[in-house]
Amino acid sequence: MTTAEKLVKALIEKKLTCATAESCTGGGVGYAITGVPGSSAVFMGGIISYDNSVKQGVLGVPGEVLAAKGAVSSECAAAMAEGARRRLNTDLAVSITGIAGPGGGSAEKPVGLVWFGLSSKTCTATDKKMFPGDREAVRTAAIKHALSLLIDAVGCDAVDEESGILR
């Protein structure tokens, strides 16, 4: 059973819905979920927010966050997930924003850096990962991680309540 199949099964069992907000993965998480028969019962949709204007205008990421922290940041990932969950009226939403490469990296934000946001009706948390490899490897790893975060959230054990950090 694939990770996406496990997610859809868990969402159906718990009667929960989910959505995505994706930047560097370009809809890959949504593609994986919709490849599973029955996913239409639990996946409401996704927003590909590759450009900052979409992050701000559609998902509601504050311009101040984009200006001060950048699109590849904890703050942006959190706002993206919250925006997708609200906009698509779901129980859960995951977001991905990162630098897949081969260009675009810096010393502070190198290629392979990906921030994830996970939002539920009660809290939002973020997670930071560094994935090795080329563009395809970074994107594939990010998609798999986002699916796993959603599975953990369905099981209600994804967020440490004291710190608000994803486990």
Worksheet item: Within the set of pairs 6+ apart or on separate chains, which have a first residue in the stretch 132-159 that is within 19 Å of residue 44 (Cα to Cα) and modelled with pLDDT of 95 or more, a second that is crowded, with 23+ Cβ neighbours inside 10 Å and hydroxyl-bearing (Ser, Thr, Tyr), and C-beta atoms under 7 Å apart?
Response: 143/25
Practice prompt. Can you work out which of the residues in the stretch 82-107 that are of a type outside the set (Gly, Ala, Ser) and part of a loop (DSSP other than H, G, I, E, B) is farthest from residue 43 (Cα to Cα)?
Written response: 102
Worksheet item: Mind checking whether some residue in the stretch 85-98 is touching a helix residue (DSSP H, G or I) at 6+ places or on another chain (Cβ under 7 Å) and free of Cβ contacts under 8 Å to residues at least 40 places away in the same chain?
Response: no
Worksheet, complete the sentence: Restricting the stretch 1-20 to residues that are outside any helix (DSSP H, G or I) and over 19 Å from residue 45 (Cβ atoms), the one farthest from the chain's Cα centre (by Cα) turns out to be 1
Worksheet item: Do we have residue 19 as crowded, with 16+ Cβ neighbours inside 10 Å, within 17 Å of residue 85 (Cβ to Cβ), of a type in the set (A, V, I, L, M) and in contact (Cβ under 8 Å) with a residue 60 or more places away in the chain here?
Response: yes
Discussion item. Tell me the residue from 29, 111, 94 that is surrounded by fewer than 22 Cβ atoms within 10 Å (Cβ to Cβ), β-branched (Val, Ile, Thr) and within 16 Å of residue 139 (Cβ to Cβ), please.
Written reply: 111
Worksheet entry | Residues (aliphatic (A, V, I, L, M) and within 14 Å of the chain's Cα centre (by Cα)) located in the stretch 62-73 | 71, 72
Item to complete: Kindly check whether there is at least one residue in the stretch 123-134 that is farther than 14 Å from residue 22 by Cα, out of contact with any strand residue (DSSP E or B) (no Cβ under 9 Å at 6 or more places or on another chain) and of a type in the set (Ser, Thr, Tyr).
Response: no
Practice prompt. Search the stretch 35-67 for residues being hydrophobic (A, V, I, L, M, F, W, C) and assigned to a loop (DSSP other than H, G, I, E, B), and hand back the single one that is nearest to residue 1 (Cα to Cα).
Written response: 36
Fill in: Residue that is of a type in the set (Gly, Ala, Ser), touching a residue at least 12 places away in the same chain (Cβ under 8 Å), in a loop (DSSP other than H, G, I, E, B) and more than 9 Å from residue 19 (Cα to Cα), where the choices are 32, 79, 71
71
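The values are calculated or read from the model by the stated rules, or taken from the named source; none is laboratory data. Keep in mind that what you see is a predicted model, and the values were worked out from it rather than measured. Please note: Cβ atoms are built from the backbone with ideal geometry, for glycine as well, and neighbour counts cover all protein chains shown.
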